[in-house]
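The values are calculated or read from the model by the stated rules, or taken from the named source; none is laboratory data. In this text, all values refer to a predicted model and were calculated from it rather than measured experimentally. Virtual Cβ from ideal backbone geometry, glycine too; neighbours counted across all protein chains shown.
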Amino acid sequence: MRDAQHLGSHLATRWLGVGLAAVLSVVTLGLALTGRLALYINPDSTWFAVGMAVLVLIGAALSFALPLGAEDDHGHDHGDARDDDHGDHAQGHRTHPAALAATVVGGVAASGVVLLTLVVPPASLSAELAMSRDVGAPPLFAGSDAVTLASTGDTASFGVGEWATVFATATNPDAFDGDTVTLTGFVTPADGAEGFDLTRLVITHCVIDAQPASIPVAAPDALEIGQWVTITGTVSSTADGRLEIDASSVEPIDEPADPYEY
Amino acid sequence: MSRSDPRLTPAPSGAGARAARRGSGPSARTAAVAFGIGVLVIAGLFLIDAYAPGLFPAALPTRAQDGLTLAISVLIESMPFVALGVVLSIVVQVWVPAGVIERWMPRRAWARRMVLSLLGMFVPVCECGNVPFARGLLMRGFTVPETLTFLIAAPIVNPIVIITTHQAFGFSDGILIARLLGGYAIANLIGWLYSRHPDPDALLTDRFRETCDLVVHEPGDRARRSLAQFVIELRAVMPALVIGSALAGAVQVLIPREALLAIGSNPALSIVAMMALAMVVAICSNVDAFFALSFASTFTPGSIVAFLLVGPLVDIKMLALMRTTFTTRTLTGIVVVVVLSAFAIGSVVNLLA
């Protein structure tokens, strides 16, 4: 009976530590191998995530060679005063059902999340979340470089994030009037009456810091919120001095494999 | 969970269990077989990862899916740092000979704490990795207040954090300076406060003290001790990391951001709002400056500083991780000190800026 209890707790130790870490490492490597790690983290740190995942898996495989329970089986045969301590603690654990329950609930919850991670297909954040994160303040993470670059006309590599920064911070809107753009993003409701906002989530490090960047698009057609589109058009300044995109074509597309900008 | 699917369980080979009962190390051959089983189990995990998603084509509700996506992203992003922290913890605990670090340390308690709070400069892990590393320091014999000082200072006094904060804010409004000096001061304040505690060991959880006792008496050669430490540290940190990440993801989809941001530019309330936001969003200190930057136009500089001070030290994920080692009471004390100090520093910045 006590042996079975010990076996159970040793197994739980392995599963909740090395096991969870191994599953997450497998998920990380699986995503990296299929080129989808960018759904969760900035591709710049892929090498680090992959390297450490391999290390964890090597450690996990090696840990099978460590006899079960070896990590906390010793100390029992120490004849010093600490033995009493040990007894007390062990006793304490057994007589605190609340603490035990908390450990079990926490363990089950953590296992549940990690197993979901393993079996649920990866997904990108929804348009609803992007809208709820839009606090009205323009995203400035691209820094002032974008505006400097834009004024030199070198906007070929610009995404929604860069253009949103330019639109929000440009001091001389007319300088961009007439620039042609081709941009991909999803549709969110516009502040004004006409058209829609083209939105993209921009990530600095990982998805939890994702921030929406959006630019106003003047287009006649009404589109469903959250629909991904590729638009072609020109930058034009409105009567009240704001910039917007005058779309010549709006083409609905499937969600791209790389839904975020970095 | 682990019982229901034997393939997922880091398995108890009969040989391993027998060896444990004998109390001696397994022979090289059993070890090789066990390693082989480990490789097979991991290969099995890869197969599940590749094929199981095909069996779940039906999508979760949008909100649940968003929460899960956020939680997974924090997990995948912080997992390598935790692994690095565990490796460093193994290095300080098992591989650095006794006395090597200690010889370089000043003797006076306050001077030791000041040096330790700068250790973050040389330890390239962000806040999640600091917890296993700090546990390694504790097991090595550093006192609780000293380790706390390191743990609180390291996420802020850290080269990557300094660089990204400078990239985001430059020297405008003294945000960078206030963050660095503030973080350093808070860490030393907490270290000093807890050094007055009559029984510092009481700040630690029973479980951690037991682990310490075990680790110190660890038998076997260094490779074996490293492996045991690897198992122990991951067991301590992983559930907390997963639960902390899940909470961070859930809170983000449940609490509307406007609710916090409606408070706007009121000097005092904006500080409170940004501190609440910092605890909720649980962003790594490496990048939180960029995140804060987008609020800089609507919020006071002092509230940005408070955000940058509170977030790395006591956000949801960090509290879950620190709970592995420190008692709830200790953590409450730390949160109170950090929040009050950050509020005071933020107010000063607002008055000066």
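Restricting the first member to segment A:15-37 and to residues that are more than 7 Å from chain B (Cβ to nearest Cβ), and the second to residues that are surrounded by fewer than 24 Cβ atoms within 10 Å (Cβ to Cβ) and outside any helix (DSSP H, G or I), the beta-carbon pairs closer than 7 Å and six or more apart or on different chains are A:L31/A:P122; A:R36/A:P122. When the helices (runs of 4 or more DSSP H) confined to segment B:148-250 are screened for residues that are over 26 Å from B:L88 (Cβ atoms), without any contact (Cβ under 8 Å) to a residue 60 or more places away in the chain and assigned by TED's automatic domain parsing to the domain that holds B:I345, those reaching at least 2 such residues are found at B:175-195. Checking each residue in segment B:310-328 for being surrounded by fewer than 18 Cβ atoms within 10 Å (Cβ to Cβ) and without any contact (Cβ under 8 Å) to a residue 40 or more places away in the chain picks out only B:T328. Of all residues in segment B:336-352, none satisfies being modelled with pLDDT under 85, under 25 Å from A:T204 (Cβ atoms) and crowded, with 24+ Cβ neighbours inside 10 Å. Of the residues contained in segment A:97-105, one or more are found to be within 30 Å of B:D49 (Cβ to Cβ) and modelled with pLDDT of 85 or more. Determine whether segment A:159-178 contains at least one residue that is assigned to a strand (DSSP E or B), at pLDDT 75 or above and small (G, A, S). No, there is no match, as no residue in segment A:159-178 is assigned to a strand (DSSP E or B), at pLDDT 75 or above and small (G, A, S). Looking only at segment A:203-262, residues that are more than 27 Å from B:L293 (Cβ to Cβ) and crowded, with 20+ Cβ neighbours inside 10 Å come to 6 in all. Here segment A:179-214 is the region considered, the condition is being outside any loop (DSSP other than H, G, I, E, B) and over 30 Å from B:I76 (Cβ atoms), and the residue that is modelled with the highest pLDDT is A:T182. Show the residue pairs meeting these rules: Cβ distance below 7 Å; 6+ apart or different chains; first residue within segment A:193-216 and more than 14 Å from chain B (Cβ to nearest Cβ); second residue among the charged types (D, E, K, R). Correct list of pairs: A:R200/A:E261; A:I215/A:D197; A:P216/A:D197; A:P216/A:E244. Identify, please: which residue in segment A:38-51 is free of Cβ contacts under 8 Å to residues at least 60 places away in the same chain and surrounded by fewer than 21 Cβ atoms within 10 Å (Cβ to Cβ) and is, among those, nearest to the chain's Cα centre (by Cα)? Among those residues, the one meeting the criterion is A:T46.
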